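Below is one structure, written out as structure tokens, with a few remarks after it.
The values are calculated or read from the model by the stated rules, or taken from the named source; none is laboratory data. Here the structure is a predicted model, which is why all the values come from computation and not from measurement. Neighbour counts run over all protein chains shown; Cβ positions are idealised from the backbone, glycine included.
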Ligand SMILES: [Zn+2]
């Protein structure tokens, strides 16, 4: 049976890109109360119930304030990985600033967890052909794998021509990391995102399950991602978040834990680090 990859991007509800675009800047984060316990307690409860270990891509700013959670997750046998320091899209950072975030978050998470950090996921999947230097920066910082390239068309992210399964991504300077894209599904000739987040909350479970089965048939274990705030239906409304952004953030929150628990009983899941050796490793030059 294929073991699929279960991951969580650990950030507060007010640190998401939609909040930033609605005017909640990092300078304002201090005015919000942490809601991390609600989401992470709920996630830990359902992972324990299903006896599943996962990978947690933790934001450096979260690790700084809530190092207790890094230690607790590592002690429970989960993999600790990096989600950057400040949740700034890599496309918005200079190569120097991005390199510092990659280095600093890795060092901080390794110090707290006592384990090597192998993986990275950029905020809002923000690696594409315009910042291909990020692949070299990841290799330089000592990461073994990355999960930031989403092979879809989307208003905020996406590289439509990127492979849908794992590949060895080679940057302009020759640095390489194993790239593991989130799950997608081909529908009517189009590649649809199906990796988690709002897509998981929106589509019926049977449809999501069929995408995972299709991935297993291709020999590409599914890469799924969720966030603690998706398991916290009582989180405060963000000021300025309206229309599509509000809907995208809140759709299906109340039923999400039950839905994920059902999925965890249907398929086998584990942390990314345990799957690395079995993934496809074809070289793809990302500068093209
Ligand atoms: Zn994020």
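Give the residues of the stretch 107-121 that are under 19 Å from the mean Cα position of the chain (by Cα) and in a loop (DSSP other than H, G, I, E, B), sorted by residue number.
116, 117, 118, 121
Of all the helices (runs of 4 or more DSSP H) wholly in the stretch 1-75, which have at least 3 residues that are touching a strand residue (DSSP E or B) at 6+ places or on another chain (Cβ under 9 Å)?
Because the criterion is at least 3 residues that are touching a strand residue (DSSP E or B) at 6+ places or on another chain (Cβ under 9 Å), the helices (runs of 4 or more DSSP H) in the stretch 1-75 that meet it are 36-50, 60-65, 67-75.
What tally of residues in the stretch 83-105 results from selecting those that are in a helix (DSSP H, G or I) and over 14 Å from residue 56 (Cβ atoms)? Write out each step before concluding.
Kept after step one, since they are in a helix (DSSP H, G or I), are these residues of the stretch 83-105: 90-92, 95-105.
Still in the list and also over 14 Å from residue 56 (Cβ atoms): 90-92, 95-104.
Adding up the residues that qualify gives 13.
In the stretch 215-225, what residues are out of contact with any helix residue (DSSP H, G or I) (no Cβ under 7 Å at 6 or more places or on another chain) and within 14 Å of residue 121 (Cβ to Cβ)?
Of everything in the stretch 215-225, those that are out of contact with any helix residue (DSSP H, G or I) (no Cβ under 7 Å at 6 or more places or on another chain) and within 14 Å of residue 121 (Cβ to Cβ) turn out to be 223, 224.
So which pairs qualify, if the first residue must be in the stretch 67-88 and within 14 Å of residue 120 (Cα to Cα), the second must be surrounded by fewer than 16 Cβ atoms within 10 Å (Cβ to Cβ), the Cβ gap must be under 7 Å, and the two must be at least 6 apart or on different chains?
Close Cβ pairs (under 7 Å, with a partner that is surrounded by fewer than 16 Cβ atoms within 10 Å (Cβ to Cβ)) amount to 80/115; 86/26.
Using the structure shown, decide if residue 124 is within 15 Å of the chain's Cα centre (by Cα), assigned to a helix (DSSP H, G or I), surrounded by fewer than 24 Cβ atoms within 10 Å (Cβ to Cβ) and touching a residue at least 24 places away in the same chain (Cβ under 8 Å). Can you show your working first?
On the way: within 15 Å of the chain's Cα centre (by Cα): yes; assigned to a helix (DSSP H, G or I): yes; surrounded by fewer than 24 Cβ atoms within 10 Å (Cβ to Cβ): yes; touching a residue at least 24 places away in the same chain (Cβ under 8 Å): yes.
In short, yes.
Hey, residue 52 hits all of (1) within 17 Å of the chain's Cα centre (by Cα); (2) under 17 Å from residue 269 (Cα atoms) but one; which does it fall short on?
If we test residue 52 against (1) within 17 Å of the chain's Cα centre (by Cα); (2) under 17 Å from residue 269 (Cα atoms), just (1) comes out false.
Give the stretch 73-96 a look and list any residue that's over 18 Å from residue 145 (Cα atoms), buried (at least 23 other Cβ atoms within 10 Å of the Cβ) and within 11 Å of the ligand (Cβ to nearest atom), or say none.
Once the filter is applied, which keeps residues that are over 18 Å from residue 145 (Cα atoms), buried (at least 23 other Cβ atoms within 10 Å of the Cβ) and within 11 Å of the ligand (Cβ to nearest atom), the stretch 73-96 yields only 87.
Taking into account only those residues within the stretch 147-157 that are in contact with a helix residue (DSSP H, G or I) (Cβ under 7 Å, 6 or more places away or on another chain) and surrounded by fewer than 23 Cβ atoms within 10 Å (Cβ to Cβ), which is modelled with the lowest pLDDT?
Taking the candidates together, the pick is 156.
Looking at 119, 189 in this structure, which one is in contact with a helix residue (DSSP H, G or I) (Cβ under 7 Å, 6 or more places away or on another chain), more than 24 Å from residue 29 (Cβ to Cβ) and either without any contact (Cβ under 8 Å) to a residue 12 or more places away in the chain or crowded, with 22+ Cβ neighbours inside 10 Å (or both)?
Residue meeting the stated conditions: 119.
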